[in-house]
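Data first, discussion second: the structure below is written as structure tokens.
Readers should treat all values here as calculations from the given coordinates under stated rules, not as data from a laboratory. Please read all numbers here as calculations on a predicted model, not as lab measurements. Every residue, glycine among them, receives a Cβ derived from its backbone with ideal geometry; neighbour counts consider all protein chains shown.
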Amino acid sequence: MITKEVEKQSTWSRFWSWYERHVTESLILTAFIIYIQIPHMIWNADLYLETGMISRVHPILDFFMYGVDLIEIFPMVNIGFLIYSTARKKRKQSIENRDKK
């Protein structure tokens with residue numbers, strides 16, 4: 001017997017439906033955050049090597065370059081979401097394929 005899907009979705013299901021529709025935008029944001037890591041890496045290397053070409057030139061610049069580390073949290077969360085979303089889709093497809101047999 002095939003059960004009908006309940007029309008009213010849970011908040012959790014609605015969130016994942018919304019997320020799966022917006023994966024491209026999420027990946028664009030993640031790529032942007034990863035790319036701004038390049039100047040941060042150079043700044044960090046300058047701090048480590050103590051050349052003073054970029055680091056410790058201006059406290060506001062140092063503040064923003066340090067802050068780039070903090071926005072790395074978003075891509076970490078996004079990667080977890082992508083992995084879960086993909087696993088969720090595959091599990092749903094395998095259940096649908098099993099029910100068709």
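Scanning region 16-54 for residues that are within 30 Å of Lys89 (Cα to Cα) and hydrophobic (A, V, I, L, M, F, W, C) yields Trp16, Trp18, Val23, Leu27, Ile28, Leu29, Ala31, Phe32, Ile33, Ile34. Residues in region 68-90 that are out of contact with any helix residue (DSSP H, G or I) (no Cβ under 9 Å at 6 or more places or on another chain) and of a type outside the set (Lys, Arg): how many? Number of matching residues: 8.
If you go through region 70-91 one residue at a time, do you hit one that is over 17 Å from the mean Cα position of the chain (by Cα), more than 18 Å from Ile28 (Cβ to Cβ) and not basic (Lys, Arg)? No. If the condition is being touching a residue at least 60 places away in the same chain (Cβ under 8 Å), surrounded by 11 or more Cβ atoms within 10 Å (Cβ to Cβ) and among the charged types (D, E, K, R), then region 53-99 contributes Arg88, Lys89. What about Tyr35, is it of a type in the set (Phe, Trp, Tyr), surrounded by fewer than 13 Cβ atoms within 10 Å (Cβ to Cβ) and closer than 30 Å to Ser85 by Cβ? In short, yes.
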